[in-house]
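Structure record follows, encoded as structure tokens.
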Amino acid sequence: MSSILIIEDDNSIGDMMSIYLMEDGYTVKRASDGGSGLRLFKEFEPDLIVLDIMLPDSDGMKLCADIRSLSSLPILMVSAKNDVSDRVKALLIGADDYLCKPFSMRELSARIQALLRRSQIVKAKSAPVTREAPPSIHVDTDKRCLYVNHTPVETTFSEFELIKLLWLHEGKVFSREELLNRIRGIDSFVTERAIDVHIANLRKKIEVDPKDPKYIKTVWGVGYKFVLAAELP
């Protein structure tokens with residue numbers, strides 16, 4: 001079964017999450033502050049992290065960014081802050097999902113299952129890509145790495161799943177709903193706005209001018225498509 005690291009300073013909420021997830025069959029470790037959470041992350045090597053934004057010794061947003069710089073594992077952020085700006089900021093700095101307090105344990109479990117399912121399917125079914133691509137942008141599904149001009153570019157779990165799907169289906173137009181369902185699964189609780197945030201992040205990483213994208217094109221009123229023809233002379 002998958003392993004989960006919970007970084008939550010509220011003992012009642014942290015204990016409740018730990019007990020519920022252990023009853024679901026997960027291996028669970030818990031930290032009550034950012035410092036011990038980062039240490040457990042390195043020692044425990046979890047499959048997913050549940051991370052509270054407000055911690056006694058550190059900013060959960062910064063901790064999320066620090067962990068994301070080291071790993072692409074799914075990160076589910078939880079917080080009493082329910083402003084759209086907070087949710088968008090969390091996605092921008094590398095979170096894969098955001099859950100507002102108070103929440104039910106069933107919803108927590110469902111979101112974790114959705115994130116882990118997508119992660120495990122990728123690991124189990126990943127196969128070498130045989131199609132040839134122009135040299136400046138390449139997706140290696142075995143290594144789960146995006147290359148721009150032969151240089152590896154860090155991506156979140158969701159960002160990589162998006163660019164892989166678009167890259168493998170060059171020219172195909174995907175609606176936001178299709179992208180969300182293909183990346184997270186049909187039981188996702190995240191809005192389509194999350195797709196726009198991830199696309200904006202990817203454009204910053206692969207486009208010369210993110211405001212005038214040549215590769216990830218917006219199809220107005222529909223969604224997005226990936227165009228490799230932009231690299232041709």
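Pull up the DSSP beta bridges for the chain and report the antiparallel fraction as a percent, rounded to 5.
Antiparallel bridges: around 45 percent, rounded to the nearest 5.
Once phi is turned into ³J(HN,Hα) by the Karplus curve 6.51 cos²θ - 1.76 cosθ + 1.60 with θ = phi - 60°, what whole-Hz value does each residue of segment 144-159 show in order, with x for glycine and proline?
Values, residue by residue: 6, 9, 9, 10, 10, 6, 6, 10, x, 10, 5, 9, 6, 4, 5, 4 Hz.
Arrange the residues Asp142, Asp96 by how much accessible surface each exposes, largest first, with a 1.4 angstrom probe.
Asp142, Asp96
Skipping prolines and chain starts, which residues have an amide H placed within reach, meaning under 5 Å, of the one on Ile4, given they are 5 or more residues away or on another chain?
Thr27, Val28, Lys29, Asp47
With all protein chains present, calculate the accessible area of Glu177 using a 1.4 Å probe and round the result to the nearest 10 Å².
Glu177 exposes around 110 Å² with every protein chain in place.
Short version: ³J(HN,Hα) in whole Hz for each residue of segment 5-12, in order, from phi by Karplus 6.51 cos²θ - 1.76 cosθ + 1.60 (θ = phi - 60°), x for Gly and Pro, what are they?
After applying 6.51 cos²θ - 1.76 cosθ + 1.60, I find 10, 9, 10, 8, 8, 7, 4, 5 Hz.
Amide H to amide H under 5 Å from Met77: which residues, 5+ apart in sequence or cross-chain, H placed 1.01 Å off N in plane?
Leu51, Asp96, Asp97, Tyr98, Leu99
How many Å² of accessible area per residue for the chain, probe 1.4 Å?
Ligands and nucleic acids excluded, the result is 49 Å² per residue.
Just to be sure I understand the curve: with the Debye formula and one point per C-alpha of segment 76-117, what is log10 I(q)/I(0) at q = 0.25, 0.34, 0.35 Å⁻¹?
Normalising to I(0) and taking log10 leaves -0.87, -1.16, -1.18.
Rounded to the nearest 500, what is the chain's calculated 222 nm mean residue ellipticity when only DSSP H runs of at least 4 contribute -39500 (n - 2.57) each, over all residues?
Dividing the helical sum by the residues of the chain leaves -13500 deg cm²/dmol.
Compute the long axis of helix 34-44 from its Cα atoms, compare it with the longest principal axis of the Cα atoms of the chain, and write down the angle in degrees, 0 to 90, nearest 10.
With both axes taken from Cα atoms, the answer is about 70 degrees.
To one decimal place, what orientation-averaged projected area in nm² is obtained for the convex hull of the Cα set of segment 142-228?
Taking a quarter of the hull surface, the average projection is 5.7 nm².
Enumerate the calculated ³J(HN,Hα) couplings along segment 196-208 in order (Karplus 6.51 cos²θ - 1.76 cosθ + 1.60, θ = phi - 60°), each rounded to whole Hz, writing x wherever the residue is Gly or Pro.
4, 5, 5, 5, 4, 5, 5, 4, 5, 8, 10, 8, 5
Pull out a ≥ b ≥ c, the square roots of the eigenvalues of the alpha-carbon gyration tensor of the chain, then state rounded if a/c is under 1.5, prolate if not and a/b is larger than b/c, and oblate in the remaining case.
Verdict is prolate for the chain.
If I fit a long axis through the Cα atoms of helix 105-125 and take the longest principal axis of the Cα atoms of the chain, what angle between them do I get, 0 to 90°, rounded to 10?
Result, in degrees: 40.
I'd like the accessible area for Lys204, computed on protein heavy atoms only with a 1.4 Å probe and all protein chains in place. Round to 10 Å², please.
140
In whole percent, and with a 1.4 Å probe on the protein chains, what portion of the accessible area of the chain is carbon and sulfur?
Heavy-atom surface of the chain belonging to carbon and sulfur, 1.4 Å probe: 53 percent.
Report the accessible area of Arg144, computed with a 1.4 Å probe over the heavy atoms of all protein chains in place, in Å² rounded to the nearest 10.
My reading of the accessible area for Arg144 is about 60 Å².
List the extent of the Cα atoms of segment 1-48 along each of their three principal axes, largest first, rounded to whole Å.
27, 24, 11
Treating cross-link reach as a plain straight distance, find the lysines whose alpha-carbon is under 21 Å from the alpha-carbon of Lys89, omitting any fewer than eight places away in the same chain.
Reachable lysines: Lys62, Lys81, Lys101, Lys204, Lys205, Lys211.
The values are calculated or read from the model by the stated rules, or taken from the named source; none is laboratory data. As the structure is a prediction and not an experimental result, all values here were calculated from the model. These area figures cover heavy atoms from the full protein model, side chains too; ligands, DNA and RNA do not enter into them. Shrake-Rupley method; radii C 1.70, N 1.55, O 1.52, S 1.80 Å.
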